[in-house]
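**Student:** Quick one: structure below, then a few questions.
Please treat every number below as a calculation from the coordinates, not as lab data. Predicted model only: the values in this text are computed from it and were never measured. Methodologically, a virtual Cβ is constructed for each residue, glycine included, from the backbone with ideal geometry; neighbour enumeration extends over all protein chains shown.
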Amino acid sequence: PEGRKEPRREEVGLRAAGAMIIFLPILRESPNLGLLLESLSAGGVEHRSVLLDTGSELTWLPAASCRWVTPGRTTAPKFSGLQLGRKPGACRRTGRTFFLRYKDNSTVTGQRCVANLSLAGLEWEQELGAASLVETAGTAPVGGVLGLSPAPASSIRPLLAAAARQHALPRLLSVCTRGRALVVGAPCASARRSRRLSSASGGGAGGSGGG
């Protein structure tokens, strides 16, 4: 629509005091849900509007054949879908299924599979859920959930392992509510200082954002 602002892109790979801090790409903040990622790649497919959830035990994304049931909506939301199978880049089936129920009684059902994920230059492989049915309870549909709880099946361990392996970063993940950012490799206070230094010097990578 005319006058609509472009989504803000967070910095990726900002360096300060010799250490690299990775700001994950936030699309926007939903008042009812939380932070939504601008883009998460899984199985070679870009998925948008993926919710960051520090309480979810499993990362899930819609399968290509996903069916959506949303009260009051006559058309299904248009989100990218995971391809299941053995072709290169596809999400490989494990033979197991999953079922999730959220606090608002929304439910997600599907199959577990293994795929390569990529986020802000970090790459890793993990098991996730390919949703075949998403039933929402009146809230706006999201394009998936990046589970970042301490649960063994969430994405937090492989994501931090990728940051340590690829950039020798500390295994630290910070959810910075003040700056609406998710930061890998530093606490929120260090990230805010790094952004101020970058702004003062005219540096940075990938655009601007509040801290």
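**Student:** In µm²/s, what is D for region 32-163 at 37 °C and 0.692 mPa s, where D = kT/(6 pi eta Rh) by Stokes-Einstein and Rh is the Kirkwood radius from Cα pairs?
**Tutor:** 225
**Student:** While we're looking at this one, here's another question. Computed on alpha carbon atoms, what radius of gyration and Dmax characterise region 87-184, expressed in Å?
**Tutor:** Using the Cα atoms of region 87-184, the pair Rg, Dmax is 15.0, 43 Å.
**Student:** Report D for region 86-133 in µm² per second (integer): Stokes-Einstein, Kirkwood Rh on Cα pairs, 37 °C, 0.692 mPa s. Spell out each step's value before the answer.
**Tutor:** Values: Rh = 11.9 Å.
It comes out at roughly 275 µm²/s.
**Student:** Another one. Let's see if you can work this out: charge +1 on each Lys and Arg Cβ, -1 on each Asp and Glu Cβ, no other charges. What is the dipole magnitude of region 48-150 about its Cα centre, in debye to the nearest 20?
**Tutor:** Taking the Cα centre of region 48-150 as origin, the dipole is about 400 debye.
**Student:** Viscosity 0.890 mPa s, temperature 25 °C: give me the Stokes-Einstein translational D for region 50-124 in µm²/s, with Rh taken as the Kirkwood radius over C-alpha pairs.
**Tutor:** Rounded, D is 173 µm²/s.
**Student:** Quick one: Karplus J couplings for region 112-127, per residue in order, coefficients 6.51, -1.76, 1.60, θ = phi - 60°, nearest Hz, x for Gly and Pro?
**Tutor:** Using θ = phi - 60°, the values come out as 8, 8, 10, 9, 8, 10, 9, 8, 6, x, 8, 10, 7, 10, 7, 7 Hz.
**Student:** Based on DSSP, what percent of beta bridges with both residues in region 32-178 are antiparallel, to the nearest 5?
**Tutor:** Within region 32-178, antiparallel bridges account for around 70 percent of the total.
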